[in-house]
Amino acid sequence: QVQLVESGGGLVQPGGSLRLSCAASGFTFSSADMSWFRQAPGKERDLVAFTSNGGSTSYADSVKGRFTISRDNGKNTVYLQMNSLKPEDTAVYYCKSRFWRLGVRRDYWGQGTQVTVSS
């Protein structure tokens, strides 16, 4: 049973920091590509950060230099460190996994965690 459990969201002031965590189970985490997406009210769900099973990373232009995605394969957990937060970062943040099971691609999503940046 694939499961992605997110934590770490909350209310933070502009300029502050949060670290989101996504604990994964039910698949071989080290073989999976992992991503963070976010969706603000009335907006599309957009890719924020990506890390491959080999450890490479990429980011949306809007968060480059402020956010860092990382993974701990020993803990089956992917993180999103968010620094210098802005009100426009307010959104529900989702963790996503992508992996291949006997040649079939499978995508799974976490439940989402709310991040609110406000003074």
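The values are calculated or read from the model by the stated rules, or taken from the named source; none is laboratory data. Quick caveat: nothing in here was measured; it's all calculated off a predicted structure. As a convention, Cβ positions derive from the backbone with ideal geometry for all residues, glycine included, and neighbour counts pool all protein chains shown. Side chains are part of the model used for accessible areas, which takes the heavy atoms of the whole protein and leaves out ligands, DNA and RNA. Shrake-Rupley method; radii C 1.70, N 1.55, O 1.52, S 1.80 Å.
So how long is each side of the chain along the principal axes, counting just the alpha-carbon atoms, biggest first, in Å?
48, 26, 23
Got a sec? Charge dipole of the chain, +1 on Cβ for Lys and Arg, -1 for Asp and Glu; which of 52, 15, 31 is way out at the positive end?
Farthest towards the positive pole: 31.
Cut-off 10 angstrom, C-alpha nodes, Gaussian network model of the chain. Which of 30, 62, 52 fluctuates the most?
Sorting by GNM fluctuation, first place goes to 62.
Pick from 51, 28, 77: which is most flexible by mean-square fluctuation in a GNM of the chain where alpha carbon atoms under 10 Å apart are linked?
28
Per residue, how large is the accessible surface of the chain? Use a 1.4 angstrom probe and give square angstrom. Display every interim value, and only then the final one.
Working: 6300 Å² over 119 residues.
Solvent-accessible surface per residue comes out at 53 Å².
Which residue fluctuates the most in the chain, going by a Gaussian network model with Cα springs under 10 Å, if the choices are 19, 105, 66?
Highest fluctuation of the listed residues: 105.
With +1 on the Cβ of every Lys and Arg and -1 on the Cβ of every Asp and Glu, and nothing else charged, how large is the dipole of the chain about its Cα centre, in debye rounded to the nearest 20? Walk me through the numbers before you get to the answer.
Values: 14 positive and 9 negative charges, 44 e Å.
Here the chain has a charge dipole of around 220 debye.
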